[in-house]
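What follows is a set of notes on a single structure, which appears directly below.
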Amino acid sequence: MKLRVDEFRQWKQKSITLLGMSGVGKTHLATMLREAHWFHYSGDYRIGTRYLGEAILDEVKKQAMQLPFLRDLLRSDSIYLGNNITVDHLKPLSAFLGKLGNPELGGLALSEFKRRQRLHHQAEVAAMLDVPDFIAKARSIYGYDHFINDVGGSLCELDDPRVLEVLAQNSMIVYIKAGHVDEEKLIARAVKNPKPLYYREAFLDEQLAVYCEEKGLEYIALIDPDDFVRWVFPKLFRSRLPRYESIAAQYGYTVDAADVFNVSSEAEFLALLEDAIVRRDS
């Protein structure tokens, strides 16, 4: 959705989709706007609760069944296990996605890792296609005028044209671009604390081959899961940048991450978007 500044100002029920790498300020903005009576739609929360909730819980049960004490209680229906995923606590989703490599270090076999990657891809597509319905629900059920769509960093990897068409038709897409200093900080943070990531399968296969050759590894099961994430993240980060920029060029607008972190109110956020519209139109 592309608007002139006057159209944006007159847009009484605003719907914004925030796009960018994890750590550039999407959730910072969404959390702040919740307090200003915006409906916060978290793509990751929808994925974890609606589309991967059962798969996540099945994995928890599988792990619990390896302990005799818990196995007996589960098989006799004496205890109940459940997910406790919230918008601000998405660790079960991350844990399910997992890391690739040595099982003794908590890694997953390639076939299982790819299975979970495919499930995540399907779930993220579905969660984004749900956005129009949730915009309607936010207004008709919960009484919110404005809607903020806080998407996962992997949205640019989905390669499903339906997703961008739906988001562009129903919201204003805003790409939060990391500057050079921000890029280095994000990469350093990921290297220090490697977390599970989503990869396009072609990218994963290509990088795995390079990594194993560099490290002299003959089998995926010999990979140190954290070491692979540290090694691959800068490459993943830089591979996503042109994808984000292409989406913004075709469908939306761009703001700088440094400016986003200086935003402390709804008025400042709206002013930031107006500036982005003016820059694009000039």
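Computed from the coordinates by the stated procedures, all read-outs in this text should not be read as laboratory data. As the structure is a prediction and not an experimental result, all values here were calculated from the model. Neighbour counts run over all protein chains shown; Cβ positions are idealised from the backbone, glycine included.
What the table below lists for this structure:
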{"quantity": "Percent RCO, i.e. relative contact order, over the chain, from Cα pairs under 8 Å lying at least 6 residues apart", "calculated": "33"}
{"quantity": "Angle between the chain longest axis and helix 266-281 axis [Cα atoms, degrees, rounded to 10]", "calculated": "80"}
{"quantity": "Given the chain, longest segment not containing exposed loop GluC sites (Glu not before Pro) (DSSP; at most 11 other Cβ within 10 Å)", "calculated": "36-217"}
{"quantity": "Rounded FRET efficiency, nearest 0.05, which uses the C-beta distance separating Asn262 from Asp205 and R0 of 51 Å", "calculated": "0.80"}
{"quantity": "Value of relative contact order over segment 109-197, rounded to a whole percent, pairs C-alpha under 8 Å and six or more apart", "calculated": "30"}
{"quantity": "Segment 163-272: chymotrypsin sites (Phe, Trp or Tyr not before Pro) falling in loop per DSSP and having at most 10 other Cβ within 10 Å", "calculated": "Tyr219"}
{"quantity": "Segment 27-130 - percent relative contact order, Cα under 8 Å, separation 6 or more", "calculated": "29"}
{"quantity": "For segment 90-99, 3J(HN,Hα) per residue [Karplus equation, 6.51 cos²θ - 1.76 cosθ + 1.60, θ = phi - 60°, Hz, x = Gly/Pro]", "calculated": "10, 4, x, 5, 5, 5, 5, 4, x, 10"}
{"quantity": "Pairs beyond 23 Å (Cα-Cα), from Lys14/Lys91; Lys185/Lys235; Lys26/Lys61", "calculated": "Lys14/Lys91; Lys26/Lys61"}
{"quantity": "Pairwise FRET efficiency - Gln122 versus Glu59, Cβ, R0 = 25 Å, nearest 0.05", "calculated": "0.90"}
{"quantity": "Principal-axis tilt of helix 201-215 within the chain, Cα atoms, nearest 10 degrees", "calculated": "50"}
{"quantity": "Karplus 3J(HN,Hα) series, Hz, for segment 188-194 with 6.51 cos²θ - 1.76 cosθ + 1.60 (x for Gly, Pro)", "calculated": "4, 5, 5, 5, 6, 10, x"}
{"quantity": "Of the chymotrypsin sites (Phe, Trp or Tyr not before Pro) in segment 116-169, those whose Cβ has at most 14 other Cβ within 10 Å and which sit in DSSP loop", "calculated": "Tyr142"}
{"quantity": "The chain: antiparallel DSSP beta bridges as a percent of all, rounded to 5", "calculated": "5"}
{"quantity": "³J(HN,Hα) computed for each position of segment 218-233 - Karplus, 6.51 cos²θ - 1.76 cosθ + 1.60, integer Hz, glycine/proline x", "calculated": "8, 10, 4, 5, 8, 6, 7, x, 5, 5, 5, 4, 4, 5, 8, 4"}
{"quantity": "Fully extended contour minus Cα-Cα distance, from Ile141 to Ala271, at 0.36 nm per residue", "calculated": "43.9 nm"}
{"quantity": "Distance histogram in 5 Å bins (all Cα pairs of segment 14-274, percent per bin)", "calculated": "1, 6, 12, 16, 17, 17, 12, 9, 6, 3, 1, 0, 0"}
{"quantity": "Inter-part distance where segment 241-282 and segment 81-150 are each reduced to a Cα centre, Å", "calculated": "25"}
{"quantity": "Theoretical gain in end-to-end length, Leu67 to Thr31 [0.36 nm per residue, Cα-Cα removed]", "calculated": "9.1 nm"}
{"quantity": "Loop-resident sites, segment 4-64, for chymotrypsin sites (Phe, Trp or Tyr not before Pro), counting at most 16 other Cβ within 10 Å (DSSP)", "calculated": "Trp11"}
